[in-house]
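**Q** Before we start, here is the structure in question, set down as structure tokens.
The values are calculated or read from the model by the stated rules, or taken from the named source; none is laboratory data. Predicted, not measured: the structure shown is a model, and the values here were computed from it. We place every Cβ from the backbone using ideal geometry, glycine too, and count neighbours over all the protein chains shown. For the accessible areas, the whole protein counts, side chains as well, though only heavy atoms, and no ligand, DNA or RNA atoms are used. Shrake-Rupley method; radii C 1.70, N 1.55, O 1.52, S 1.80 Å.
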Amino acid sequence: DVKVTQSSRYLVKRTGEKVFLECVQDMDHENMFWYRQDPGLGLRLIYFSYDVKMKEKGDIPEGYSVSREKKERFSLILESASTNQTSMYLCASSFRFGYTFGSGTRLTVV
Amino acid sequence: GQQLNQSPQSMFIQEGEDVSMNCTSSSIFNTWLWYKQEPGEGPVLLIALYKAGELTSNGRLTAQFGITRKDSFLNISASIPSDVGIYFCAGQGGDDKIIFGKGTRLHILP
């Protein structure tokens, strides 16, 4: 089975800090995605990548950037964390049909 | 953009009851997917449907890909406490992009 690993389950960061959320998948998938999940809003796509060094904006990219230097790793970067970025962040990877999700990182910005 | 309407948003049922939830869209999809998310975890794929009219079961779960390709439903028979969670539908179009519904939160009363 595909495994998608997110480096942290819980993070607490201060406003203005630069935050890195790491995601690694072990099945050589080309496609990787970052979502945030908030109550009542469902899953919202932040950024995605179809290949190494390639990135595309999703529906809510503001305040975020990403990095894909290696096929297996897709990093989400909060350049200057703000309290409205407190959320559950989910990474996913796919080949074609369906996504495999990581367990999520619950980020709290104080 | 494309949107999925998933209903109901929340359900409270008695243990042992059958459950039905559905998703509709104004757009046609090539694949319908149903995920379950348990507290503190990422969504996990339950059932994938690849062609219109397809009816697929996974244990007590049954899902159907609507004939119009614009809807899908998920049924859970004889619910048990471990069925608690959020159920997401997702549609995948020709561009392989996946659109998620906002989820149905299932609560089971003893």
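**Q** If I compute solvent accessible area with a 1.4 Å probe over the protein chains, what percent of it on the protein assembly as shown is carbon and sulfur? It would help to have the intermediate numbers written out before the result.
**A** Values: 5370 of 10720 Å².
The C+S portion of the solvent-accessible surface of the protein assembly as shown is 50 percent.
**Q** Follow-up question, since we're still on this one. For A:Leu107, B:Leu46, give me the order by solvent-accessible area with a 1.4 Å probe, most accessible first, ignoring ligands, DNA and RNA. Don't jump to the answer; show the numbers that get you there.
**A** Details: A:Leu107 0, B:Leu46 40 Å².
Per-residue accessible area, sorted high to low, gives B:Leu46, A:Leu107.
**Q** With only alpha-carbon pairs counted, each pair once and no self-pairs, how large is the Kirkwood hydrodynamic radius of the protein assembly as shown in angstroms? Working shown, then result.
**A** Values: mean 1/r = 0.0559 Å⁻¹.
Evaluated on the protein assembly as shown, it is 17.9 Å.
**Q** With charges only on Cβ, +1 for K and R and -1 for D and E, what is the dipole size of chain A about its Cα centre, in debye, rounded to 20? Don't skip to the end; give the middle numbers.
**A** Values: 16 positive and 14 negative charges, 44 e Å.
Charge dipole of chain A: 220 debye, to the nearest 20.
**Q** Compute the accessible area of each residue in the range A:61-110 twice, once for its chain alone and once with every protein chain present, using a 1.4 Å probe on heavy atoms, and list those whose area falls by at least 40 Å².
**A** A:Arg96, A:Phe97, A:Gly98, A:Tyr99, A:Phe101
**Q** About the Cα centre, and with charges only on the beta carbon of Lys, Arg (+1) and Asp, Glu (-1), how big is the dipole of the protein assembly as shown? Nearest 20 debye, please.
**A** Values: 24 positive and 24 negative charges, 88 e Å.
So the magnitude is around 420 debye.
**Q** What is chain A's relative contact order, in percent, from Cα pairs under 8 angstrom and six or more apart in sequence? Don't skip to the answer; put the middle values down first.
**A** On the way: 292 pairs, mean separation 40.1, N = 110.
The normalised contact order for chain A reaches 36 percent.
**Q** Stick to the Cα atoms of chain B, pair each with every other, and give me the Kirkwood hydrodynamic radius in Å at one decimal.
**A** Details: mean 1/r = 0.0723 Å⁻¹.
Here the Kirkwood hydrodynamic radius works out to 13.8 Å.
**Q** In nm, to one decimal, how far is the B:Lys97 label point from the B:Ser7 one, both placed 7 Å along Cα→Cβ?
**A** Between B:Lys97 and B:Ser7, the label points sit 2.6 nm apart.
**Q** Same structure again: List the relative contact order of chain B as a percent without decimals, with contacts defined as Cα pairs under 8 Å and 6+ residues apart. Each step should come with its number before you reach the end.
**A** Details: 286 pairs, mean separation 41.0, N = 110.
Rounded, it is 37 percent for chain B.
**Q** Also: Return the value, in Å² to the nearest 100, of accessible area buried between chains A and B (probe 1.4 Å, both sides summed).
**A** Numbers: alone 6290 and 5980 Å², together 10720 Å².
Rounded to the nearest hundred, the buried surface is 1600 Å².
**Q** Share of antiparallel DSSP beta bridges in chain B, in percent to the nearest 5?
**A** On the way: 37 of 42 bridges.
Of those bridges, close to 90 percent are antiparallel.
**Q** Pairs A:Lys53/B:Lys70; A:Lys70/B:Lys102; A:Lys57/B:Lys51; A:Lys13/B:Lys97; A:Lys70/B:Lys97: which are spaced more than 26 Å apart, C-alpha to C-alpha?
**A** On the way: A:Lys53/B:Lys70 34 Å; A:Lys70/B:Lys102 31 Å; A:Lys57/B:Lys51 29 Å; A:Lys13/B:Lys97 32 Å; A:Lys70/B:Lys97 22 Å.
A:Lys53/B:Lys70; A:Lys70/B:Lys102; A:Lys57/B:Lys51; A:Lys13/B:Lys97, as the Cα separations exceed 26 Å there.
**Q** A follow-up question, please. Considering protein heavy atoms only and a 1.4 Å probe radius, which residues within the range B:23-56 exhibit an accessible-area decrease of no less than 30 Å² in the full assembly relative to the chain by itself?
**A** B:Tyr35, B:Gln37, B:Gly40, B:Glu41, B:Gly42, B:Pro43, B:Tyr50
**Q** Using the alpha-carbon centroid of each, what span in Å lies between the range B:25-104 and the range A:62-106?
**A** What the calculation gives is 22 Å, centre to centre.
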